[in-house]
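Colleague: Pasting a structure below so you can have a look.
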Amino acid sequence: MRILFLKQGFQPLPAFKGLTFAKALQERGHEVEVITGFPNYPGGKYYQGYHVRPYKKEVMDGITVHRMIHFPSHDKSAFHRIITYLSFSLSCCLLGPWLVKKPDLVYVYNLVTLGPPAFLLRFLFGAKVIIDIQDLWPESVAMSKMIRSKAVLCLLNAICGWIYRKADFLTVLSPGFRRTLEARGVSPKKIKVIYNWCEEASISANMESVNSVELPKSDGKFVILFAGSIGLAQGLDVLLDCASLSREMGLDVQFLLIGGGVDRQRLQKRTEEMALRNVTFLQPRPMEKMGEIYKMADALLVHLKDDPLFRITIPSKTQAYLYVGKPIIVAMRGDAAELVQKAGAGLLCSPDDPEEMMNAIRTMYEMPESERRKMGERGHCYYLNCLSFDQGVQSFELVMSRLSKGLLD
């Protein structure tokens, strides 16, 4: 089977479902090509070794990669972001069909703006189109506040609905995504939930020892780790409130936050104003250096604001947390909470509620270490059996094979 990846971001970017995924499919006997853009995330500037040109072909670990010109921008301007997406889509339409081998299947990663070039390739070559949905449009666009016009969002909703319905098949990251798409008129027969995996090899790289001079000394404290984006959606004021409550209760708990984001600076300032010595911020680090961070934690925290969109979202840190085998405190409603509960890997509490979160933290804190270890082991086993990279690749290969043979029509 010839599989064409249509994906705006690809390695050397830290792109999920990129080169490793493509190589795994190729190792299973399929021929994989990639149409992508020139790497410029997050600063909007081309990576070293790349410069402005209409097209560049390269081979990465045996995978042929076709790079198309597009407008590079990752600032806060909605107009610039739209131009970035549309310019890449246009390049794919104009150049793509002339550069790739005839595909049996086009795998579109996430962006609905890639629907038109995918459908053009289907028209020209008879290829099936599968869209892997990681963000629901226009819901995620509205949530980001990048587009506020109701008229524009209404138009975008109509376009997205048409693209989702016209695709041959859709894969989604949660049952909630599937229910939402069904409510928008997509046939249930065209949708399959395939949970995301995490970067297993990178996380495992340095789990064996904690030796970095950059890490704070825990001194026997109970360490609660939040790892990931520190933005408005995460709503981490509640964590600072819990740190204050923990101090008042006399609990020997240290809250560790690692990651970047638009809300980090404000939260750091508030931490200083509240004189919270039990809260530590660490700079972001690549996933291959996260193993030692995970190892020093006693419990891991997932929190998103209580929003209908977040109830059907599973933050990527959830899979990473399950894989590392530490107990999890999930302050969310919906699919992420249900996943951890099904795994028996942690405690649940309501989001945006410091007192309820503090109750969960205290329960975890007072729990025998053997019980916490069992929680972590259950989570790790559940990940390996249901969410792992091998399981995910196998699920995608089955869907792709059946789709290309017309067995999912």
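Colleague: List, please: which pairs have Cβ atoms under 6 Å, are six or more places apart or on different chains, and start with a residue in the range 18-30 that is farther than 14 Å from Leu105 by Cβ and end with one that is aromatic (Phe, Trp, Tyr)?
Modeller: These pairs meet every condition: Gly18/Phe10.
Colleague: Going by the conditions given, is Ile3 surrounded by fewer than 18 Cβ atoms within 10 Å (Cβ to Cβ) and either out of contact with any Pro (no Cβ under 6 Å at 6 or more places or on another chain) or in a loop (DSSP other than H, G, I, E, B) (or both)? Before the answer, list the steps.
Modeller: On the way: surrounded by fewer than 18 Cβ atoms within 10 Å (Cβ to Cβ): no; either out of contact with any Pro (no Cβ under 6 Å at 6 or more places or on another chain) or in a loop (DSSP other than H, G, I, E, B) (or both): yes.
It is false that Ile3 is surrounded by fewer than 18 Cβ atoms within 10 Å (Cβ to Cβ) and either out of contact with any Pro (no Cβ under 6 Å at 6 or more places or on another chain) or in a loop (DSSP other than H, G, I, E, B) (or both).
Colleague: Do we have Pro97 as in the same structural domain as Ile159 (by TED's automatic domain parsing), surrounded by fewer than 18 Cβ atoms within 10 Å (Cβ to Cβ) and either free of Cβ contacts under 8 Å to residues at least 40 places away in the same chain or in a strand (DSSP E or B) (or both) here?
Modeller: Numbers: in the same structural domain as Ile159 (by TED's automatic domain parsing): yes; surrounded by fewer than 18 Cβ atoms within 10 Å (Cβ to Cβ): yes; either free of Cβ contacts under 8 Å to residues at least 40 places away in the same chain or in a strand (DSSP E or B) (or both): yes.
Considered against the rule, which asks whether it is in the same structural domain as Ile159 (by TED's automatic domain parsing), surrounded by fewer than 18 Cβ atoms within 10 Å (Cβ to Cβ) and either free of Cβ contacts under 8 Å to residues at least 40 places away in the same chain or in a strand (DSSP E or B) (or both), Pro97 comes out as yes.
Colleague: Give the residues of the range 171-206 that are under 17 Å from Phe21 (Cβ atoms), surrounded by 20 or more Cβ atoms within 10 Å (Cβ to Cβ) and at pLDDT 95 or above, sorted by residue number.
Modeller: Within the range 171-206, Thr171, Val172, Leu173, Tyr195, Trp197 meet the criteria.
Colleague: Same structure, new question: Would you check which residues across the range 259-308 are part of a loop (DSSP other than H, G, I, E, B), small (Gly, Ala, Ser) and in contact with a Phe, Trp or Tyr (Cβ under 8 Å, 6 or more places away or on another chain) and list them?
Modeller: Looking only at the range 259-308, we keep the residues that are part of a loop (DSSP other than H, G, I, E, B), and these are 259-263, 274-278, 283-286, 290, 297-298, 304-307.
With small (Gly, Ala, Ser) added as a condition, the list becomes 259-261, 275, 297.
Within the range 259-308, just Gly259 meets the criteria.
Colleague: Can you name the residue in the range 45-83 that is assigned to a loop (DSSP other than H, G, I, E, B) and either outside the structural domain of Cys93 (by TED's automatic domain parsing) or among the acidic types (Asp, Glu) (or both) and is also nearest to Gln11 (Cα to Cα) among such residues? Break it down into steps so the answer makes sense when it comes.
Modeller: Going residue by residue through the range 45-83, those that are assigned to a loop (DSSP other than H, G, I, E, B) are 45-54, 61-62, 69-77.
Filter once more, keeping what is either outside the structural domain of Cys93 (by TED's automatic domain parsing) or among the acidic types (Asp, Glu) (or both): 61, 75.
Working: Asp61: 11, Asp75: 21 Å.
By that ranking, first place goes to Asp61.
Colleague: Further question: Quick one: would you say Pro327 is crowded, with 16+ Cβ neighbours inside 10 Å, within 30 Å of Pro138 (Cβ to Cβ) and either free of Cβ contacts under 8 Å to residues at least 12 places away in the same chain or in contact with a helix residue (DSSP H, G or I) (Cβ under 8 Å, 6 or more places away or on another chain) (or both)?
Modeller: Numbers: crowded, with 16+ Cβ neighbours inside 10 Å: yes; within 30 Å of Pro138 (Cβ to Cβ): no; either free of Cβ contacts under 8 Å to residues at least 12 places away in the same chain or in contact with a helix residue (DSSP H, G or I) (Cβ under 8 Å, 6 or more places away or on another chain) (or both): yes.
Here the answer is no, as Pro327 does not meet what is asked.
Colleague: Determine, yes or no, whether Leu256 is under 22 Å from Asp353 (Cβ atoms) and part of a strand (DSSP E or B). Talk me through it step by step, then tell me what you get.
Modeller: Numbers: under 22 Å from Asp353 (Cβ atoms): yes; part of a strand (DSSP E or B): yes.
So Leu256 passes the test.
Colleague: Shifting gears a bit: When you scan the range 20-40, how many residues do you find that are crowded, with 20+ Cβ neighbours inside 10 Å and assigned to a helix (DSSP H, G or I)?
Modeller: Residues in the range 20-40 being crowded, with 20+ Cβ neighbours inside 10 Å and assigned to a helix (DSSP H, G or I): 3 in total.
Colleague: Pull up the range 273-312, narrow it to residues that are of a type in the set (Gly, Ala, Ser) and either more than 30 Å from Val172 (Cα to Cα) or out of contact with any strand residue (DSSP E or B) (no Cβ under 8 Å at 6 or more places or on another chain) (or both), then point me to the one that is surrounded by the most Cβ atoms within 10 Å (Cβ to Cβ).
Modeller: Initial filter on the range 273-312 (of a type in the set (Gly, Ala, Ser)): 275, 291, 297, 299.
Applying the additional criterion that residues be either more than 30 Å from Val172 (Cα to Cα) or out of contact with any strand residue (DSSP E or B) (no Cβ under 8 Å at 6 or more places or on another chain) (or both) yields 275, 291, 297.
On the way: Ala275: 9, Gly291: 19, Ala297: 21.
Restricting to residues being of a type in the set (Gly, Ala, Ser) and either more than 30 Å from Val172 (Cα to Cα) or out of contact with any strand residue (DSSP E or B) (no Cβ under 8 Å at 6 or more places or on another chain) (or both), the top hit is Ala297.
The values are calculated or read from the model by the stated rules, or taken from the named source; none is laboratory data. All figures in this text were calculated on a predicted structure; none of them were measured in a lab. We place every Cβ from the backbone using ideal geometry, glycine too, and count neighbours over all the protein chains shown.
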